[in-house]
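Laboratory data are not the source of any read-out in this text; all were calculated from the coordinates shown. Predicted model, so just to flag it, every value in this text is computed and none were measured. Every residue, glycine among them, receives a Cβ derived from its backbone with ideal geometry; neighbour counts consider all protein chains shown.
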Amino acid sequence: MTSRVTLISAATSRALREARFDDGCSLDASAAARARAAAGALPPADRLSVSPTVRCRETAKALGLDGVEAPELAGLDVGRWRGLTLDEVSAEDPAGIALWLSDLGAAPHGGESVRALCERVARWLDASAEFDGRTLAVVEPEVVRAVAVKILDAPVSAFWRLDVPPLTATDASGRSGRWNLRLGWTLGPREDGAGS
């Protein structure tokens, strides 16, 4: 049995452009249009999941996907930092941001640690290995990072070294407890014909 998971990173929102911790704002009009234009580029899926964030739900809708909300695929809960920019947090809580960036088990914002996010997403990926077929999931970039950390058996510190552009797809395929990873193809026709 081979399981396939395609993770679609959500389209751009104002919060993402402003380097602001997600505050629940909607997609930019141009990002929504870009997602609608990419709707036909996705591979067929047997199961559709969507992170419960506003921009993931709106991205899924723009892509023409009617997926089931998956709380285990939620973005990182940053507690009281929600809605603030990284610069604002750095000015208001320099010790907290330094701790958060250096200790991946810390949650000085009162939300979830990066380590806890990675563990939560790893459990979801392990459960997905039991599903024969393709799962398509629209998620926040940090979920894609967590999947990459899990598949590569990388230290959690690698989380900060991974960039995930908006509206890109990352494929994972697994069999017998072993996953392979194909990173960040842009939504649209692919040269190898897959996804078109």
Determine, for each peptide in 139-145, 85-91, the mean count of other beta carbons within 10 angstrom over its residues, then list the peptides with the highest first. 139-145, 85-91
Gain in span if fully extended, GLU119 to ARG161, counting 0.36 nm per residue against the direct Cα distance: 13.4 nm
Would you tally the net charge around GLU69, using a Cβ to Cβ cut-off of less than 14 Å, leaving GLU69 out, and scoring K and R as +1, D and E as -1? 0
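At 0.36 nm per residue, and after removing the present C-alpha to C-alpha distance, how many nm does the segment from ALA106 to GLU88 gain when stretched out fully?
4.6 nm
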Note down the relative contact order for segment 40-196 as a percent, whole number, built from C-alpha pairs under 8 angstrom at least six residues apart. 26
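Using only the Cα atoms of segment 83-127, build the gyration tensor, take square roots of its eigenvalues as a ≥ b ≥ c, and label the shape rounded, prolate or oblate: rounded if a/c is under 1.5, else prolate if a/b is larger than b/c, else oblate.
On the way: a/c = 3.53, a/b = 2.38, b/c = 1.48.
Because a/c hits 1.5 or more and a/b exceeds b/c, segment 83-127 counts as prolate.
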Could you tell me whether the chain comes out rounded, prolate or oblate from its Cα gyration tensor? Rule is a ≥ b ≥ c as square roots of the eigenvalues, rounded for a/c under 1.5, then prolate if a/b exceeds b/c, otherwise oblate. oblate
Residues other than ALA45 with Cβ under 9 Å of its Cβ, Lys/Arg counted +1 and Asp/Glu -1, net out at +2
Among beta bridges assigned by DSSP with both residues in the chain, the antiparallel ones amount in percent, to the nearest 5, to 55
Enumerate the amide H contacts of GLY83 below 5 Å, restricted to partners 5 or more residues apart or on another chain; note that Pro and chain-start residues carry no placed amide H. PHE21, ASP22, ASP23
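Run the numbers for ASP46 and ARG182: contour at 0.36 nm per residue of separation, minus the present Cα-Cα distance, in nm.
Here the answer is 47.0 nm.
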Between LEU99 and ARG17, how high is the FRET efficiency from 1/(1 + (r/R0)^6) when r is the Cβ-Cβ distance and R₀ = 35 Å? Nearest 0.05. 0.85
Per DSSP H run of n ≥ 4, the term is -39500 (n - 2.57); total these for the chain, divide by its residue number, and report the mean residue ellipticity at 222 nm rounded to 500 deg cm²/dmol. -9500 deg cm²/dmol
